[in-house]
Amino acid sequence: GAVVSQHPSRVICKSGTSVKIECRSLDFQATTMFWYRQFPKQSLMLMATSNEGSKATYEQGVEKDKFLINHASLTLSTLTVTSAHPEDSSFYICSARGGLGRITDTQYFGPGTRLTVL
Amino acid sequence: DQQVKQNSPSLSVQEGRISILNCDYTNSMFDYFLWYKKYPAEGPTFLISISSIKDKNEDGRFTVFLNKSAKHLSLHIVPSQPGDSAVYFCAASTDSWGKLQFGAGTQVVVTP
């Protein structure tokens, strides 16, 4: 099956610092990657959609200058939380989808990254 | 505006019995539906999907039923096993970008 990895799995940082999270598709080329955020006991909220080589599309209410997304290759996308604050503490999950032009391609999720901002 | 709804936050079922999880949606443009299973502090794992041209899809112990007129789908797990204890998310997609709308999830507990 399709495998998606995330690194790091857990990060603790001080308020005001920036944190980079990597998402990799290990055995397939991901034309599209998605970044989600999950608060405790809540659903996954889509933050942004990124396609390789183009700018990410952010969902309403998500600050693009705060959550920088780069999708430099077909197997790697990064999310950088800039000037992190305690309210950014959350579980961040990426997903990857392969196959050009196929609406029904399944999204495969990474294991998630727990970010704690002190 | 929650377009995908899972109205049961939790479900307890005895091992060996059937688990039935329900999901309702409001957007008639959704054409692809998926179920994911999630353990704490892990990413969701894809279970099964169904497109709007079908009303049933089966994969092993998992069967998904789709009732388009009622905008309702359900996931049946039979027989339920202790390892099935997890949170189950229903998701739906409507566009070529594959953006998924998730329900709030249902916590399933399978008891011995």
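The values are calculated or read from the model by the stated rules, or taken from the named source; none is laboratory data. Quantities reported herein were computed from a predicted structural model and do not represent experimental measurements. Note that each Cβ is placed from the backbone with ideal geometry, even for glycine, and that neighbours are counted across all protein chains shown. Only protein heavy atoms, including side chains, enter the accessible area calculation; ligands, DNA and RNA are left aside. Shrake-Rupley method; radii C 1.70, N 1.55, O 1.52, S 1.80 Å.
Listed values, structure above:
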item: Anchor residue B:54: aspartates and glutamates whose Cα lies under 13 Å away (excluding residues fewer than 8 positions away in-chain); result: B:31
item: Cβ-derived FRET efficiency at R0 25 Å, residue B:53 paired with residue B:15, nearest 0.05; result: 0.10
item: Magnitude of the charge dipole, segment A:20-67, Cβ model with Lys/Arg +1 and Asp/Glu -1, debye to 20; result: 180
item: Charge dipole magnitude, Cβ of K and R +1, D and E -1 - segment A:1-104, Cα centre, debye nearest 20; result: 120
item: Selection from B:29, B:16, B:3 lying farthest towards where the dipole of segment B:1-65 points positive, charges on Cβ; result: B:16
item: Two-decimal Rg to Rh for the protein assembly as shown - Kirkwood Rh, Cα set; result: 0.97
item: Isolated Cys in chain A, by beta carbon distance under 4.7 Å; result: A:13
item: Computed FRET value (nearest 0.05) for residue B:61 with residue A:55, which takes r as the C-beta separation and R₀ as 41 Å; result: 0.45
item: Accessible area, probe 1.4 Å, largest first, for residues A:10, A:24; result: A:10, A:24
item: Where chain A is the region considered: accessible area per residue in Å², 1.4 Å probe; result: 49
item: Largest-first principal axis extents of the Cα set of chain A (Å); result: 41, 26, 24
item: Summed side-chain charge close to residue A:17 - residues other than residue A:17 whose Cβ falls under 14 Å, Lys, Arg +1, Asp, Glu -1; result: +2
item: Local net charge near residue B:52, Cβ-Cβ under 13 Å (Lys/Arg +1, Asp/Glu -1); result: +2
item: Formal net charge of residues neighbouring residue B:5 (Cβ-Cβ distance under 11 Å; K, R +1; D, E -1); result: -1
item: Per residue, the convex hull volume that the Cα atoms of segment A:34-79 enclose (Å³); result: 77
item: Gyration tensor over alpha-carbon atoms, segment B:1-106, equivalent ellipsoid semi-axes in Å; result: 22, 15, 13
item: Net charge dipole size for segment B:6-58 [Lys, Arg +1 and Asp, Glu -1 on Cβ; Debye, nearest 20]; result: 80
item: Calculated P(r) of segment B:57-112 - Cα pairs past 15 Å, %; result: 60
item: With DNA, RNA and ligands ignored, accessible area of residue A:3 (1.4 Å probe; Å², nearest 10); result: 70
